[in-house]
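Structure, as structure tokens:
The values are calculated or read from the model by the stated rules, or taken from the named source; none is laboratory data. As the structure is a computational prediction, the values presented were derived from the model and not from experiment. Cβ sites come from the backbone with ideal geometry, for glycine too, and all protein chains shown count toward neighbours. Accessible surface areas use protein heavy atoms only, side chains included; no ligands, DNA or RNA. Shrake-Rupley method; radii C 1.70, N 1.55, O 1.52, S 1.80 Å.
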Amino acid sequence: MAQLGVSLARLLIVRPWRAGDALWVCEQALQCSAVAAVVLPLRSVDALASRRLQLAAEAGRSLGLLIRSDERGGPTFAATRLRCEPLRGVRHSRRMRLTVLKQREGAPGEPFVVEWPDAPDSVPAHAVPADRAGAARRFASG
């Protein structure tokens, strides 16, 4: 997070023992308007928990990122669902192919590649459509 320019003093890391406790903590944090974003890594999530997290994020106007490692997917009430696949890249950079699997507003687009150079003072990200490597365009600059 520090490499992305986020002050570590602004982070709160919670490591509960049980998945149910993690869901409860994240639901409470998402409802709080002082929290900008919540990241929750879980293997899978059931429909009820997904819906509760979605409603909490709407209530607090927060960004909730649920990171699941379950290949089967399963139910979700998320507005957007992405598949992230790490790619081997150039030395001193991180590359990932992002595929939009679900998008509440409109149809998912083509997969694209995002690259974050390992520069501690800036984090420009470049998005390149996966099928047109020459058509680079600037994507979210930090």
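Some notes on this structure:
- Net length available on complete extension from Ala9 to Leu98 is 29.1 nm, with 0.36 nm assigned per residue and the Cα-Cα distance removed.
- Estimated FRET transfer efficiency (Glu105, Val39; beta-carbon r; R0 30 Å; 0.05): 0.85
- The listed residues Arg81, Arg104, Arg15, Arg51, once ranked by accessible area (1.4 Å probe) with the largest placed first, stand as Arg15, Arg104, Arg51, Arg81.
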